[in-house]
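Reviewing the structure listed below.
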Amino acid sequence: MKREEIKVSVLRVGGTNCDAETKRAFEELGVQAEILHANELVRRGNLLEYHVLVFPGGFSYGDYVRAGAIWAKWIMAKLGEELKAFVNENRFTLGICNGFQVLVEAGFLPGFDGVSPYPEAVLATNFPPGYNCRWIHLKHENRGKCAFTWKIPHGKVLRLPVAHSEGRFMFAKEKEKEFLKRLCDNDQLVFRYCDRNGEYAEGRFPTNPNGSFYDIAGICNPEGNIFGLMPHPERAFYWWQQPDWTRQKQMLQYGDGKLIFESIIEYLVEKF
């Protein structure tokens with residue numbers, strides 16, 4: 001597939017944000033990207049025309065009930081069968097922050113046995129509680145299955161920002177060991193919170209900014225074509241988005257967020 005043929009849809013609804021930054025990141029890399037209200041996607045009925053679907057960050061519908069819960073129920077009611085077909089045709093879905101919460105609430109992640117009729121995990125209220133907006137470090141744990149990170153070396157440490165109140169990834173207590181083993185055995189674990197040297201946070205705040213179980217910051221489904229993460233790669237795409245850019249004597253043109261967008265595009269170019 002040629003780069004210029006790739007089509008990306010960045011969805012939006014009331015309360016979402018960073019859709020414009022996400023669109024610009026994809027366009028910077030030479031693909032077609034469109035911001036589309038979810039209602040318009042339903043009206044058009046053309047989901048399968050896109051190669052990548054993005055659920056961006058924000059606070060969809062005010063995050064009432066639970067973060068991402070209302071949009072997840074809405075999207076499954078309006079587009080559930082189309083989304084399942086989209087996934088089954090090996091097309092690609094990215095959930096950033098609130099988008100990650102939506103994919104978990106809708107049963108697409110972790111998706112151990114396909115799309116689950118109920119959430120298999122939760123992104124709960126931060127511990128310590130409160131809105132947390134800071135730059136953090138992530139260690140890449142995936143061994144190549146996730147299409148959104150397959151070009152990132154295993155063990156590489158990335159620096160990205162987080163901005164959320166409900167990002168604490170958790171499994172039901174009685175299933176923690178079983179589900180963690182399945183994540184690791186299936187190569188579904190993608191990112192863990194760490195310090196700048198790659199040492200795991202082990203739950204310590206603020207290295208782990210929300211108290212996530214096993215320092216989990218991002219996971220994919222068993223097929224590797226659905227990926228969700230709490231940090232915002234679109235907010236770390238350019239060098240000037242980084243908090244210390246004025247103090248750096250020499251800085252690359254792009255930030256670490258580019259690696260995620262670049263990976264999925266090169267995956268499509270090379271494998272399709």
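The values are calculated or read from the model by the stated rules, or taken from the named source; none is laboratory data. Note that this is a predicted model, so its numbers are computed, not measured. Please note: Cβ atoms are built from the backbone with ideal geometry, for glycine as well, and neighbour counts cover all protein chains shown.
Of everything in the stretch 48-73 that is part of a helix (DSSP H, G or I) and free of Cβ contacts under 8 Å to residues at least 40 places away in the same chain, the residue that is surrounded by the most Cβ atoms within 10 Å (Cβ to Cβ) is Ala72.
Give the residues of the stretch 182-219 that are under 21 Å from Ala147 (Cα atoms) and without any contact (Cβ under 8 Å) to a residue 12 or more places away in the chain, sorted by residue number. Cys184, Asp185 - these are the residues of the stretch 182-219 that are under 21 Å from Ala147 (Cα atoms) and without any contact (Cβ under 8 Å) to a residue 12 or more places away in the chain.
The residues of the stretch 32-75 that are small (Gly, Ala, Ser), in contact with a helix residue (DSSP H, G or I) (Cβ under 6 Å, 6 or more places away or on another chain) and under 24 Å from Ser165 (Cβ atoms), listed by number, are Gly57, Gly58, Ser60, Ala67, Gly68, Ala69, Ala72.
The criterion of at least 1 residues that are surrounded by fewer than 22 Cβ atoms within 10 Å (Cβ to Cβ) and of a type in the set (Gly, Ala, Ser) is met by the following strands (runs of 3 or more DSSP E) wholly inside the stretch 98-171: 122-124, 157-164. Of the conditions (1) more than 25 Å from Pro110 (Cβ to Cβ); (2) buried (at least 16 other Cβ atoms within 10 Å of the Cβ), His232 clears all except one; give me its number. Going through (1) more than 25 Å from Pro110 (Cβ to Cβ); (2) buried (at least 16 other Cβ atoms within 10 Å of the Cβ) one by one, His232 breaks only (1). Taken over the stretch 50-66, the criterion of being on the phi < 0 side of the Ramachandran plot and modelled with pLDDT of 95 or more is satisfied by Tyr50, His51, Val52, Leu53, Val54, Phe55, Pro56, Gly57, Phe59, Ser60. Of everything in the stretch 195-215 that's of a type in the set (A, V, I, L, M, F, W, C) and either modelled with pLDDT under 95 or within 24 Å of Lys175 (Cβ to Cβ) (or both), which residue is surrounded by the fewest Cβ atoms within 10 Å (Cβ to Cβ)? Per the stated criteria, the residue is Phe213. In the stretch 228-246, which residue that is over 19 Å from the mean Cα position of the chain (by Cα) and in contact (Cβ under 8 Å) with a residue 60 or more places away in the chain is farthest from Gln188 (Cα to Cα)? The selected residue is Pro243. Confirm whether Glu234 is part of a helix (DSSP H, G or I), modelled with pLDDT of 95 or more and of a type in the set (Asp, Glu). Against the criterion (part of a helix (DSSP H, G or I), modelled with pLDDT of 95 or more and of a type in the set (Asp, Glu)), Glu234 qualifies.
Looking at the stretch 252-267, can you tell me whether even one residue there is more than 20 Å from Gly167 (Cβ to Cβ), assigned to a loop (DSSP other than H, G, I, E, B) and among the β-branched types (Val, Ile, Thr)? No, every residue in the stretch 252-267 fails to be more than 20 Å from Gly167 (Cβ to Cβ), assigned to a loop (DSSP other than H, G, I, E, B) and among the β-branched types (Val, Ile, Thr).
Return yes when Gly255 is buried (at least 24 other Cβ atoms within 10 Å of the Cβ) and out of contact with any His (no Cβ under 9 Å at 6 or more places or on another chain) and no when it is not. So Gly255 fails the test. Counting the residues of the stretch 112-152 that are among the polar types (S, T, N, Q), out of contact with any helix residue (DSSP H, G or I) (no Cβ under 8 Å at 6 or more places or on another chain) and touching a residue at least 40 places away in the same chain (Cβ under 8 Å) gives 4. The set of residues in the stretch 29-41 that are part of a helix (DSSP H, G or I) and either buried (at least 19 other Cβ atoms within 10 Å of the Cβ) or touching a Lys or Arg at 6+ places or on another chain (Cβ under 8 Å) (or both) comprises Ala38, Leu41. Total residues in the stretch 166-201 satisfying the condition of being of a type outside the set (Asp, Glu), closer than 24 Å to Gly130 by Cα and touching a strand residue (DSSP E or B) at 6+ places or on another chain (Cβ under 7 Å): the figure is 11.
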